[in-house]
1. Is there any pair linking a residue in region 66-95 that is closer than 19 Å to residue 132 by Cα to one that is not in a helix (DSSP H, G or I), with Cβ under 8 Å and at least six apart or on different chains, and which?
2. Only one of these conditions is not met by residue 117: (1) modelled with pLDDT under 90; (2) surrounded by 12 or more Cβ atoms within 10 Å (Cβ to Cβ). Which number is it?
3. Evaluate the following for residue 88: is it surrounded by fewer than 16 Cβ atoms within 10 Å (Cβ to Cβ) and either assigned to a helix (DSSP H, G or I) or touching a helix residue (DSSP H, G or I) at 6+ places or on another chain (Cβ under 6 Å) (or both)?
4. In region 17-32, which residues are in a helix (DSSP H, G or I) and either touching a helix residue (DSSP H, G or I) at 6+ places or on another chain (Cβ under 6 Å) or in contact (Cβ under 8 Å) with a residue 60 or more places away in the chain (or both)?
5. Which one is modelled with the highest pLDDT among residues in region 120-137 that are in contact with a helix residue (DSSP H, G or I) (Cβ under 8 Å, 6 or more places away or on another chain) and part of a loop (DSSP other than H, G, I, E, B)?
């Protein structure tokens, strides 16, 4: 259900209104799957929907969707910026992990990203060396700088 509510939130960021068809396209699922999910979300007080009308998140639904989306973005950023994972894999893994990650682990990931982003010396040299290792499968012969093109 979190995927559906997050999809409604994301679609609403670019569209004035959200329709069942748009959610189906966004999630790459069939329309009846969205209709079934919408029924469940309505029963939980997360979505409002008039038959054949637009979908609208309730205040409770908006809060939940925003939390899921924020988790997704933070996990994506960690995979992309720290681990150097490809965009396609970051999207898929963030979507899968956002539903199961503990608050403690997510908090540590966020703190790690903030540590790197605010490091007074700039992007840590050891992380540059790790990224080199991840790319080439070996340690650099000397510390990797931005200018190194090995």
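1. Qualifying pairs under 8 Å: 79/85.
2. All conditions are met except number (2).
3. yes
4. 20, 22, 23, 24, 26, 27, 31, listed by residue number.
5. Per the criteria, the residue is 124.
The values are calculated or read from the model by the stated rules, or taken from the named source; none is laboratory data. These numbers come from a predicted model, not from an experiment. A quick note on method: Cβ atoms are made from the backbone with ideal geometry, for glycine too, and the neighbour counts reach across all protein chains shown.
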